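Q: Please read through the structure below; I'll follow up with questions.
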Amino acid sequence: MYIRYLGFLLLIWFPDLLHAQSAKQSCRTPRLDNGYFETVEIYPDGQSLIYACDKGHKPAVEGWWATSICENGNWSHTPQCIDEKACIPPNIPHAEHNQEQDWYKEGHVFRVSCQKGYEHKDRNATTTCSNGAWTLQLVCEKTSSACGEPPKIPHAVIINQEYQDLFAADSVLQYECEEGFTVEGVDTKKTIICISGNWSTVSPCRSTGSGSTVGVTNGGHTTSTKPTGRGKETRPSTGPDESTVGGRGSTGSGSTVGVTNGGHTTSTQPTGRGSSTTSGSNDRNSQPLLISIGNCGDRPVIPNGDVVETGDKYLKYKCVAYHELVGSETVVCYSDGTWSQTPVCKESFCVINPAQFAGYNIQFYGSEYMEEGERKYYNCGWQYFSSLFECTNQRLSVTRCCHYSDHRRGQCKTLPLASG
């Protein structure tokens, strides 16, 4: 009787625990065409299923056998056997593509785009499935114009971007000073830009109280305390409070304050070995001041280009298809009301004219365009034979019809008419 009540109490006290235990679902035996495995009617959660494929087929993952795991009622990957000449998706770090399939038929052309800050190695953007393997290993490598992580700015945080270790050229980051600090004594926010592999000059965050005149009462006399290059300088004064001399408050860091001392007005400044400078002036002159784009008039118009992103102080452009952007994709507004230099969208493609290749048995569907750097295989009428077309510097390079194995070894000769 006691055990029965104990079980009832546990059911009341720990319903979430019991629900979590019962939520784990088993998996049913999957259907596997052209393959085999040890058949079990029900696979508990966490149970592995190992399978292999019949001759002429292979698993839709790496290896000649594969393992799928039951994960709460679903298999970690659907066990399936595909034609041995098909290909599974290539693994290309820092690449993006919209062809999300488990596998691809022979002859499929796989195209990728590299993430921002990366570019195609040797301008190769496509690869073709041929006899179970990809004809080319695509690589996305860091561009020379990209920047690493931005410099650490004391008393500031980046506010418009999550952390990453690589940024594309023309990336604009905004940072904000912590409370009690400003940039150049005015703003709490500032931007830095990635330009040709380097970050633009950073204006530091300075304390709003740095270098200010502080009135100190000492034995009935008012003294002025200033930071100097060799410690603090304290001078007695019998005049009015120095924070409101001449009817004006302290000008803050680097300011000159008139002090009345025995009927004479003296000037005290923060110094470094006697020199008098205005703090922050060099920082302001080291880089153009950026302001809101609303102060620069009409937006620049770029033929064959469009604005794809708008910020408070910048515009970002992108070219239409078959055009290449030359120059910085980011245009900013300067404090004098002018725009920074705008980029240019130049033509960047090749045209395939089937008539030019008459007699070579290459199969076309009419005139076609190829983007700069694109590689594409065209069938030649015989199984496993194709011709490789490449667009480089707006000129076509075309091989004769070759077997896929010769393509992989680079033994296919170039047609003499392809350079025209």
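Q: Enumerate by residue number the chymotrypsin sites (Phe, Trp or Tyr not before Pro) in the range 352-420 meeting two conditions: DSSP loop (anything except H, G, I, E, B), and at most 10 other Cβ atoms within 10 Å of the site's Cβ.
A: TYR365, TRP382
Q: Under a point spin-label approximation (7 Å from Cα along Cα-to-Cβ), what is the VAL351-LYS105 distance to one decimal in nm?
A: 3.2
Q: Counting pairs of alpha carbon atoms under 8 Å apart in space and at least six apart in sequence, what relative contact order in percent does the range 95-142 give?
A: 36
Q: Counting pairs of alpha carbon atoms under 8 Å apart in space and at least six apart in sequence, what relative contact order in percent does the range 156-207 give?
A: 34 percent.
Q: Taking the Cβ of LEU136 as the centre, find all other residues whose Cβ is under 9 Å away and add up their charges (Lys, Arg: +1; Asp, Glu: -1).
A: +2
Q: When a footprinting reagent is the concern and you count Cβ atoms within 10 Å, what order do HIS407, HIS108, HIS97 take, fewest first?
A: Ranking HIS407, HIS108, HIS97 by Cβ neighbours within 10 Å, fewest first, gives HIS97, HIS108, HIS407.
Q: Extending each Cα 7 Å along its Cβ direction at PHE37 and TYR322, get the distance between those two points in nm, one decimal.
A: My value for the distance between the label points is 4.8 nm.
Q: Something else about it: Need the full-extension length gain, VAL308 to ASP83, defined as separation in residues times 0.36 nm minus the C-alpha distance. One decimal, nm.
A: 76.7 nm
Q: Taking the Cα centroid of the range 353-369 and of the range 51-94, what is the distance between the two, rounded to the nearest whole Å?
A: With the range 353-369 and the range 51-94 each reduced to a Cα centre, they are spaced 37 Å.
Q: Hey, how many Å between the Cα centroid of the range 289-338 and the Cα centroid of the range 117-153?
A: 27
Values quoted throughout were computed directly from the atomic coordinates according to the rules given, and no laboratory measurement underlies them. Every value quoted in this text rests on a predicted model; they were computed, and no experiment measured them. All Cβ positions, glycine included, derive from the backbone under ideal geometry; neighbour counts span all protein chains shown.
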